[in-house]
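Chemist: The structure's right below; bear with me while I get my questions together.
The values are calculated or read from the model by the stated rules, or taken from the named source; none is laboratory data. Note that the structure is a prediction, hence the values are computed from the model and not measured. All Cβ positions, even for glycine, are placed from backbone atoms using ideal geometry, and neighbour counts span all protein chains on display.
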Amino acid sequence: MLPYYQNLSYNNSQCNFTKMADIPIELYKSLQGAYFVGYDDNLTFGNGNSAWGWLYNPLDSGVNLHVNVWTVTDISESTFRAQIWFNTIPPGEPIDSVNVTPANTALFPLPKPKIKLQSASNVAGNPNGGMKAFVRRGQPETTLVAEEKGKFIFPPGGSFLIFLSNPESPDVTAQGRIAFGWWEEPLNGKCIN
C-alpha cells in the first residue's frame, strides 16, 4: 500500500497560481531610472567653521525627493557632530557635486537627476530657517549610516541637509565625506523615463 501522499494526484496545470514578486522599493525605483547615488568628498571644517552637504529639490524639478540613505565619514582625528536639517538655507556658497550617478547604469541614455547634490566647506554661521530634525555624533575615523527607506520626502523647493562641525574639539581641522542615495517621484504620478 502506498503512503497517502503518493495516492494524491496533483496536476499543476489545473491549479491557478498567481505569480507575485516582492522587490524592495529601491530596486523598483532603480529599474525605473529614478534612483540615484552621489557623494561630496574632502569637506573641511573645524577652527570654528562648519561644512555641509545637501540634497536640494529645485522649484522647477517636477518631482518629490525621497531620501533613502545617507552616510557621513570622518577621515580626520576629530570627533564630529552631524546635524540633520529639513528645508533650511545653509550658510556659504553651494558647489554642485560631480560625483552623482543613476544606480541603474544599464539604461540608455542614462537618466539625469533633477535633485541637486551640493556642498560647502569652511563656512561660518548656522542654517537659517527650516527645522533641525535630529543630531548624530561620530568618533574619529568612523562612518555614520542611516537607512531612511524613502520616508523623508521633500517637494520642490525643499531640502535635506547634513551640517558638520566639531564643537568638542573646535581647534582641530577636520575633513569628512557625505554620501546619499535617493529616488525621485514625479508630481504627476507618471514614470520618469
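Chemist: Name the residues in the stretch 145-160 that are on the phi < 0 side of the Ramachandran plot and basic (Lys, Arg), would you? Break it down into steps so the answer makes sense when it comes.
Modeler: Applying the first criterion (on the phi < 0 side of the Ramachandran plot) to the stretch 145-160 yields 145-148, 151-156, 158-160.
Matches in the stretch 145-160: LYS151 only.
Chemist: Would you please name the residue that is surrounded by the fewest Cβ atoms within 10 Å (Cβ to Cβ), looking only at residues in the stretch 110-147 that are closer than 14 Å to TRP54 by Cβ and among the small types (Gly, Ala, Ser)?
Modeler: Among those that are closer than 14 Å to TRP54 by Cβ and among the small types (Gly, Ala, Ser), it is GLY129.
Chemist: Still on this structure, please answer the following. Do we find that TRP183 is more than 26 Å from ASN49 (Cβ to Cβ) and either touching a residue at least 12 places away in the same chain (Cβ under 8 Å) or out of contact with any Gly (no Cβ under 8 Å at 6 or more places or on another chain) (or both) in this structure?
Modeler: Against the criterion (more than 26 Å from ASN49 (Cβ to Cβ) and either touching a residue at least 12 places away in the same chain (Cβ under 8 Å) or out of contact with any Gly (no Cβ under 8 Å at 6 or more places or on another chain) (or both)), TRP183 qualifies.
Chemist: Pull up the stretch 161-193, narrow it to residues that are among the hydrophobic types (A, V, I, L, M, F, W, C) and not in a strand (DSSP E or B), then point me to the one that is farthest from PRO113 (Cα to Cα).
Modeler: Taking the stretch 161-193 as the starting set, the residues that turn out to be among the hydrophobic types (A, V, I, L, M, F, W, C) are 161-164, 172, 174, 178-180, 182-183, 187, 191-192.
Keeping just the survivors that are not in a strand (DSSP E or B) gives 172, 187, 191-192.
On the way: VAL172: 36, LEU187: 15, CYS191: 14, ILE192: 10 Å.
So the residue we want is VAL172.
Chemist: So, one more: Residues in the stretch 54-76: is at least one at pLDDT 95 or above, more than 20 Å from GLY138 (Cβ to Cβ) and of a type in the set (Val, Ile, Thr)?
Modeler: Yes.
Chemist: Given (1) at pLDDT below 95; (2) touching a helix residue (DSSP H, G or I) at 6+ places or on another chain (Cβ under 7 Å), identify the lone condition not met by TYR35.
Modeler: Going through (1) at pLDDT below 95; (2) touching a helix residue (DSSP H, G or I) at 6+ places or on another chain (Cβ under 7 Å) one by one, TYR35 breaks only (1).
Chemist: Name the residues in the stretch 138-160 that are among the hydroxyl-bearing types (Ser, Thr, Tyr) and either over 30 Å from ILE23 (Cα atoms) or not in a strand (DSSP E or B) (or both), would you? Write out each step before concluding.
Modeler: Start the filter on the stretch 138-160 by keeping residues that are among the hydroxyl-bearing types (Ser, Thr, Tyr), which leaves 142-143, 159.
Of everything in the stretch 138-160, just one residue is among the hydroxyl-bearing types (Ser, Thr, Tyr) and either over 30 Å from ILE23 (Cα atoms) or not in a strand (DSSP E or B) (or both), namely THR142.
Chemist: Consider the stretch 23-51. How many of its residues are in contact (Cβ under 8 Å) with a residue 60 or more places away in the chain and more than 20 Å from GLU168 (Cα to Cα)? It would help to see each step written out before you state the result.
Modeler: Taking the stretch 23-51 as the starting set, the residues that turn out to be in contact (Cβ under 8 Å) with a residue 60 or more places away in the chain are 25-26, 29-51.
This time we only want the ones that are more than 20 Å from GLU168 (Cα to Cα), so: 25-26, 29-42.
Of the residues in the stretch 23-51, 16 are in contact (Cβ under 8 Å) with a residue 60 or more places away in the chain and more than 20 Å from GLU168 (Cα to Cα).
Chemist: Could you grab me the full set of residues in the stretch 155-185 that are under 19 Å from the mean Cα position of the chain (by Cα) and exposed (fewer than 15 other Cβ atoms within 10 Å of the Cβ)?
Modeler: PRO155, GLY157
Chemist: Restricting to the stretch 33-70, and then to whatever is buried (at least 18 other Cβ atoms within 10 Å of the Cβ) and outside any strand (DSSP E or B), can you tell me which residue is farthest from the chain's Cα centre (by Cα)?
Modeler: Once the filter is applied, the top-ranked residue is SER61.
Chemist: Across the stretch 79-137, what is the number of residues that are over 16 Å from ALA179 (Cα atoms), in contact with a Pro (Cβ under 6 Å, 6 or more places away or on another chain) and either polar (S, T, N, Q) or not in a loop (DSSP other than H, G, I, E, B) (or both)?
Modeler: Count: 2.
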